[in-house]
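Participant: Pasting in a structure now, in C-alpha cells, and then I'll have a few things to ask.
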Amino acid sequence: MLSYLNLTYRTMIKITNKIIKSADDYSLPYLQFEPENNTSNKSIILVYEIFGLTDHIKNVAKEYAENGFLVAIPDIFSRLENNIDLPYNKDGFSKGLHLKNKLGWELPVMDIVALAATLRLEYNVSVLGYCYGGSLAWLAMQKSFIFEKGICYYGSSIPEFLESNVNCPGMLHFGSDDKGIPIKSIEKVKKFINMNKNKIELFVYENADHGFNCNQRKSYNKIAAEKAFEKTIKFLKDLK
C-alpha cells in the first residue's frame, strides 16, 4: 500500500507498509516513510509511545522524512494486538500500559535491532524514541552496536537502566515538570553520562511536562518541542 503526501518545501513522501523477519522469525510489520528521490544514506527507526501508531507519531515520521531521512516505525505491539492506536486519555494510557507490561522489554528491543540490521544494508541507522519508545531506544543503544546515534524523549525507565554503557552518541530530552521523571532521577542519569565513554547530551526544558512534544496532549509545550526538534535535527545531521 503506497500513498504520497505533499509536505512543506514541496517534498513528496512515499509511505509503505512493509514486513521483516525478526530474530525469532516473527513477521514484524513496520511503516516506512521515504522522501521521493531520496539521496541520503541516513535512516531513523522511530519507536512509538505506549499509545501505539497514532496520527501524532505518523506526523513525527513525516517531519523527519521531510528533512531527508528514511523513517521506519516498527509496530512492536503487533505481537499482542494489531493496529494499536490509542487515544491520549486515561483509558488509552491504561490499555497501553497493560500492553507494555505484557510485552516486556526483550522482544521489542530485539525487533528494533532486527529492523536496524535490515536498514543497515543500505543506510546508516539512528534510533529515536518517545516516552515508552524513549526507554526502548535507550535499551537498544545498550544492547547493540548497530546505531549511529540515539535520541530519547522523556524515557521514564531510563534511570532504571544504567548498568551498561550505551554504544553510540546519544541525546536525551526531559521536561522539568515531569513528575514521572523527577529531577533527582535526571541527576542520576547525568552522573551516568559523566562515566560513559560515548558522548551523551542531556537537555531539560523549563515548564515542560511529560509528553511535551505531542500536540495532541494537554502537556504539549510548543517552545520546548521546537527547541528539542532543532537540537535533534542538528545532532542527526552533524550540524553545529
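Throughout, read-outs are computed from the coordinates displayed, never taken from laboratory work. From a predicted model like this one, the values you see are computed outputs, not experimental measurements. Because the Cβ atoms are built from the backbone with ideal geometry, glycine has one as well, and the counts that use them run over all protein chains shown.
Participant: Take the residue pairs K100/K231; K90/K218; K149/K197; K42/K222 and return only those whose Cα atoms are more than 18 Å apart. Mind dumping the intermediate values first?
Facilitator: On the way: K100/K231 29 Å; K90/K218 12 Å; K149/K197 14 Å; K42/K222 27 Å.
In this structure, K100/K231; K42/K222 exceed 18 Å between Cα atoms.
Participant: Tell me, how many Å apart are the Cα centres for the range 148-187 and for the range 71-117?
Facilitator: Answer, in whole Å: 19.
Participant: Rank V71, I84, S157 by how far each Cα sits towards the positive end of the charge dipole of the chain (+1 on Lys, Arg Cβ; -1 on Asp, Glu Cβ) and give me just the farthest.
Facilitator: S157
Participant: How much length would be gained if the chain were fully extended between A117 and K21, taking 0.36 nm per residue of separation minus their Cα-Cα distance, in nm to one decimal? Let's see the in-between values first.
Facilitator: Numbers: separation 96, 0.36 × 96 = 34.56 nm, distance 1.07 nm.
Here the answer is 33.5 nm.
Participant: Just rank I76, I200, fewest to most, by other beta-carbon atoms within 10 angstrom.
Facilitator: Values: I76 29, I200 21.
Fewest to most other Cβ atoms nearby, the residues stand as I200, I76.
Participant: Going out from 0 in 5 Å bins, what whole percent of all Cα-Cα distances in the chain drops into each bin?
Facilitator: The distribution over the chain is 1, 7, 15, 20, 21, 19, 12, 5, 1, 0, given as percents.
Participant: Using the Kyte-Doolittle scale, find the helices of the chain whose mean hydropathy is at least 1.0 and whose Cα atoms extend 18 Å or more along the helix's long axis, counting only whole DSSP H runs. Present the calculation step by step, with values, prior to reporting the outcome.
Facilitator: Details: long enough: 90-103 (20 Å, -0.94); 106-119 (20 Å, 1.59); 183-195 (19 Å, -0.08); 222-236 (21 Å, 0.03).
Passing helices, by number: 106-119.
Participant: Let me ask you something else. Quick one: of K102/K234; K21/K227; K58/K179, which pairs are farther than 31 Å apart, Cα to Cα? Let's see the in-between values first.
Facilitator: Numbers: K102/K234 36 Å; K21/K227 37 Å; K58/K179 27 Å.
The pairs that break the limit, which is 31 Å between Cα atoms, are K102/K234; K21/K227.
Participant: Here's something else I'd like to know. Which of Y26, Y154 comes first, and how do the rest follow, when ranked by fewest Cβ neighbours within 10 Å? Provide the component values of the computation, followed by the final result.
Facilitator: Details: Y26 15, Y154 29.
Lowest count first: Y26, Y154.
Participant: Report the one residue of N213, L172, N38 whose Cα lies farthest in the direction of the positive end of the charge dipole of the range 2-236 (charges on C-beta: Lys and Arg +1, Asp and Glu -1; origin at the Cα centre).
Facilitator: L172
Participant: Fewest first, what order do T11, T39 take by the number of other Cβ atoms within 10 Å?
Facilitator: Details: T11 17, T39 6.
If I rank by nearby Cβ atoms, fewest first, I get T39, T11.
Participant: Roughly how many debye, to the nearest 20, is the charge dipole of the chain about its Cα centre, given +1 on each Lys and Arg Cβ, -1 on each Asp and Glu Cβ, and no other charges?
Facilitator: Details: 30 positive and 27 negative charges, 89 e Å.
Dipole magnitude for the chain comes out near 420 debye.
Participant: For L202, enumerate residues with amide H under 5 Å from its amide H, sequence gap 5+ or separate chain, H modeled in the peptide plane.
Facilitator: Correct list: L172.
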